[in-house]
Amino acid sequence: MAQLAGPYEILELRDGESKELTILKYESGTVIIHPRYPGAPTSKEISAIRLYVPQAEKPAGVPYWDVTSQTLIAQLKPFLEEIPEKGLRIRLTAHGIAPSKRYTLELV
């Protein structure tokens, strides 16, 4: 799997926070992260999915979010195979705090 080109825009939601996204297209690859937990390596390559959204949904910076949560990636994959012509509209809600944070995914 190829490394996604920077800049990275890691999607991070706080416990209980929700975000609605219209996914226009996606790209799979890897990203380099820099974990901050005690004893962590200085950098680590992990799988990621880049979700492209309309500029109106993300007016600052690049028009995409990089998802690095492996459990969320597993939930997203079945839906991403067939993105409708007008985009796939989803709502993500975070539950808990990393590293045990999980997400619910709803089609909107």
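Summary of values
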{"item": "Of all residues making up the stretch 63-80, the number that are among the charged types (D, E, K, R) and buried (at least 16 other Cβ atoms within 10 Å of the Cβ)", "result": "1"}
{"item": "Residues within the stretch 84-101 that are in a loop (DSSP other than H, G, I, E, B) and over 14 Å from Thr68 (Cα atoms), tallied", "result": "6"}
{"item": "Which numbered condition Ile33 fails, given (1) within 16 Å of Ser18 (Cα to Cα); (2) free of Cβ contacts under 8 Å to residues at least 40 places away in the same chain", "result": "(1)"}
{"item": "Extreme residue, surrounded by the most Cβ atoms within 10 Å (Cβ to Cβ), among residues of the stretch 4-62 that are among the basic types (Lys, Arg) and part of a loop (DSSP other than H, G, I, E, B)", "result": "Lys58"}
{"item": "The listed residue being of a type outside the set (A, V, I, L, M) and at pLDDT 95 or above, out of Ser18, Ser43", "result": "Ser18"}
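The values are calculated or read from the model by the stated rules, or taken from the named source; none is laboratory data. Only a predicted model underlies this, so the values are computations on that prediction, with no experimental measurement involved. Note that we place each Cβ from the backbone using ideal geometry, even for glycine, and neighbour counts take in every protein chain shown.
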